[in-house]
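Read the structure below first, then the notes.
The values are calculated or read from the model by the stated rules, or taken from the named source; none is laboratory data. As the structure is a computational prediction, the values presented were derived from the model and not from experiment. Cβ atoms come from the backbone with ideal geometry, glycine included; neighbour counts cover every protein chain shown. In case anyone asks, the SASA skips ligands and DNA or RNA and just uses the protein heavy atoms, side chains included. Shrake-Rupley method; radii C 1.70, N 1.55, O 1.52, S 1.80 Å.
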Amino acid sequence: MKVALIATDLDGTFLRDDHQFDHDRFQSQLDQMNANGQHFVVASGNQLQHCIDVFAGIHGELTYVAENGGLVVTNDGQVLHESLLTRPVLHELLTMVMTDPVLATAKVSLSGKRGGYIRPQDNSAIMQYYLSNIKIVNDLMAVDDHIYKATFSWPGADANAHAALINTRFKGRLRATVSGGNGLDVIAPDVNKAQGLAYLQAHWQLTAAQTAAFGDNGNDLEMLREADYSFAMKNGILPVRQMAAYTTTHDNNHDGVLRTIATLI
């Protein structure tokens, strides 16, 4: 098996439920991947800076497909691609969510080039974990930044049902996809992790036959389809496990990704 590109989601996949991973084991694997000329790609719905913070203390080539594919950045900081939400459509989305009786209880955040934006009432430990350089604002409509993604969450609610409402209203203009922790990411309609991965495959002149990818949730499906060595996590949702070519032998809390990477390097 000759795999030249290994891409992985973070939450529910590479990371344990406590948001940690075996640093020593991964550093050893990354050293080997770098020596082999293999590329390691972090493909996450999360903000770029959050992804970078997760790997603080790790040394070697790390490339990022952040914001569900809305931002692709190489190890040396080169931006290969970025896709933004237009202000009029973003404002229409925020208005819909804030006024709809079913959606109005949402906790809301915006992920931008200069930081993450939340309202005072939405500030929480979980928001502080997922966002870096947080800016508390009273009016999300007034935010002046390049916005890659809007994220919504409804504690105890079915995010899939809410995604269907948004996708129906904004068909062809926005796309809502369920991410880790029952959150809902809303991004530009042509954005997904597969698109971000494709930029890197072209950049490195690699094919799906040389690509391995790991995921657990709905926002990983497109990416897994672009990798011949697609791995669903043992703890992944059923559609991901049905679609992927393989399933890891261990879940995210038992180093499912790291154990599989050991067979790829």
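When Ala245, Ala227 are checked against the criterion of being open to solvent by 50 Å² or more (accessible area, probe 1.4 Å), modelled with pLDDT of 95 or more and among the small types (Gly, Ala, Ser), a single residue qualifies: Ala245. For region 239-265, filtering for residues that are assigned to a helix (DSSP H, G or I) and over 19 Å from the mean Cα position of the chain (by Cα) leaves 8.
Rundown of residues vs (1) of a type outside the set (Val, Ile, Thr); (2) in a strand (DSSP E or B); (3) open to solvent by 50 Å² or more (accessible area, probe 1.4 Å); (4) in contact (Cβ under 8 Å) with a residue 40 or more places away in the chain, yes/no style:
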{"site": "Ala176", "(1), (2), (3), (4)": "yes, yes, no, no"}
{"site": "Val186", "(1), (2), (3), (4)": "no, yes, no, yes"}
{"site": "Gln195", "(1), (2), (3), (4)": "yes, no, no, yes"}
{"site": "Ala198", "(1), (2), (3), (4)": "yes, no, no, no"}
{"site": "Ala202", "(1), (2), (3), (4)": "yes, no, yes, no"}
{"site": "Ala213", "(1), (2), (3), (4)": "yes, yes, no, yes"}
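Kindly indicate whether Val65 is within 17 Å of Lys193 (Cα to Cα), open to solvent by 20 Å² or more (accessible area, probe 1.4 Å) and touching a strand residue (DSSP E or B) at 6+ places or on another chain (Cβ under 6 Å).
Values: within 17 Å of Lys193 (Cα to Cα): yes; open to solvent by 20 Å² or more (accessible area, probe 1.4 Å): no; touching a strand residue (DSSP E or B) at 6+ places or on another chain (Cβ under 6 Å): yes.
No: the conditions fail for Val65.
Residue-by-condition table, conditions (1) of a type in the set (Val, Ile, Thr); (2) modelled with pLDDT of 90 or more; (3) loosely packed, with under 15 Cβ neighbours inside 10 Å; (4) part of a loop (DSSP other than H, G, I, E, B):
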residue	(1), (2), (3), (4)
Val41	yes, yes, no, no
Gly45	no, no, no, yes
Val72	yes, yes, no, no
Asn75	no, no, yes, yes
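Exactly one residue among Ile118, Ile136, Ile147 is among the β-branched types (Val, Ile, Thr) and loosely packed, with under 14 Cβ neighbours inside 10 Å, and that residue is Ile136. Per this entry, Gln29 is counted among residues that are within 19 Å of Asp255 (Cα to Cα) and part of a helix (DSSP H, G or I).
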